[in-house]
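For reference, the structure is listed below as structure tokens.
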Amino acid sequence: MEIAALAGGVGASKLLLGLCRVMDPRELTVIVNTGDDVVLHGLSISPDLDIVTYTLAGLVNPETGWGFGDETFRALEQLAVYRGPQWFHLGDRDLATHIHRTSLLRGGARLSEVASSIREALGVQAQILPMSDDPVPTMLETSEGRLHFQEYLVQRRAEPIVRAISFDGIERAHPARGVLEALQRAYSVVICPSNPLISIGPILAVPGVRKALQERRMHVVAVCPIVGGKSLKGPSDRMLGQLGYEVSALGVARMYRDICGTILIDPVDSAQRQAIEALGVNLVIHPTVMRNVEDKEQLARRILQLTANQSAGASA
């Protein structure tokens, strides 16, 4: 059974690794947020695409969840000598990825073609697609002015207060080749436990994507990224609160109710069952905190079980 997944970076990659370990990875298509993409040192950098690819290739730094493991930073050290910007931590092997990507893009390749070339070179069997081949940078209106998401998250360590989010050029963007087809073809669509505002939000904002999910709502399963009122990774809880959203599993369910037939939440939030089900969303309670490989595999198996049930229901 083919599965399509909407994904951000670190949080999503944990679940994706679990899925690839318990199913045929060739039946998995990952649609990745590219709102985080940024140009630095003249290089085109796609953080979420790289995190997902490195993780599924078994090469990611296990301590950070991003970049290569056993990395060196000689180039970054030399940039310091030249007084170049160092706030975005780029390792030497990682730089090779960005040089390769930039070279292909300047030669006329689409971002989706570049993503495919990287994942094939690193031996990843799952399909990995950017949400769009068009640049759609995530920009934040903050207490310190307008910032690119990477400036907010990495350079300013998510300290500014977020007042609004926009995806520049989204109205002119198109889904990358294969994105809508994957959403329509898959037995089930999984929304990974990523920030609903700046990881999943940009994907849903690409014209045609939200509509495709609405049409298949009962075959969409979301894994809630909020547990006990807190985000497991990154500033999701802070951003949700600053923008007036309820920071809870219920708050996430409200955000996804039009595109998601089932939401999976952690047992910590089981008291919200009645309120979530009142939204017309099926609720599944299962541990969502993934501390080790076993946790990732168990969560992935539960999702596959839900997928099989959905398929059986559709065939009945």
When you look at S270, is it closer than 27 Å to A164 by Cβ and polar (S, T, N, Q), yes or no? no
I need the full set of residues from segment 44-64 which are in a loop (DSSP other than H, G, I, E, B) and over 16 Å from Q150 (Cβ atoms), in order please. A57, G58, L59, N61, P62, E63
In the set R93, R83, R101, R119, the lone residue that is at pLDDT below 95 and either surrounded by 13 or more Cβ atoms within 10 Å (Cβ to Cβ) or assigned to a loop (DSSP other than H, G, I, E, B) (or both) is R83
I need a count of the residues in segment 122-150 that are outside any loop (DSSP other than H, G, I, E, B) and touching an Asp or Glu at 6+ places or on another chain (Cβ under 6 Å). 2
Go through the residues of segment 246-262 one by one and say whether even a single one is surrounded by fewer than 21 Cβ atoms within 10 Å (Cβ to Cβ) and at positive phi. no
Condition first: loosely packed, with under 13 Cβ neighbours inside 10 Å and closer than 25 Å to I128 by Cβ. Now tell me which residues in segment 65-80 satisfy that. D70
Residues that are under 27 Å from V209 (Cα atoms) and surrounded by fewer than 21 Cβ atoms within 10 Å (Cβ to Cβ), drawn from segment 290-307: R301, R302, L304, Q305, L306
Does P287 satisfy the condition of being surrounded by 15 or more Cβ atoms within 10 Å (Cβ to Cβ), touching a residue at least 60 places away in the same chain (Cβ under 8 Å) and either in contact with a helix residue (DSSP H, G or I) (Cβ under 8 Å, 6 or more places away or on another chain) or of a type in the set (K, R) (or both)? no
For segment 156-196 the number of residues that are surrounded by fewer than 17 Cβ atoms within 10 Å (Cβ to Cβ), of a type in the set (A, V, I, L, M, F, W, C) and not in a loop (DSSP other than H, G, I, E, B) is 1
Going through (1) in contact with a strand residue (DSSP E or B) (Cβ under 7 Å, 6 or more places away or on another chain); (2) assigned to a helix (DSSP H, G or I); (3) of a type in the set (A, V, I, L, M, F, W, C) one by one, L153 fails only at (1)
For segment 1-57, which positions are within 15 Å of V190 (Cβ to Cβ), among the aliphatic types (A, V, I, L, M) and under 12 Å from the mean Cα position of the chain (by Cα)? A5, L6, A7, A12, L15, L16, V30, I31, V32, V52
Per the list (1) without any contact (Cβ under 8 Å) to a residue 60 or more places away in the chain; (2) farther than 30 Å from Q298 by Cβ, residue check on A176 breaks on (1)
Subset of segment 124-154 that is over 18 Å from the mean Cα position of the chain (by Cα) and hydroxyl-bearing (S, T, Y) - its residue that is surrounded by the fewest Cβ atoms within 10 Å (Cβ to Cβ): S143
Residues satisfying the stated conditions in segment 51-64, i.e. more than 15 Å from G123 (Cβ to Cβ), surrounded by 16 or more Cβ atoms within 10 Å (Cβ to Cβ) and not hydrophobic (A, V, I, L, M, F, W, C): N61
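The values are calculated or read from the model by the stated rules, or taken from the named source; none is laboratory data. Every value quoted in this text rests on a predicted model; they were computed, and no experiment measured them. Cβ: placed from backbone, ideal geometry, glycine included. Neighbour counts: every protein chain shown.
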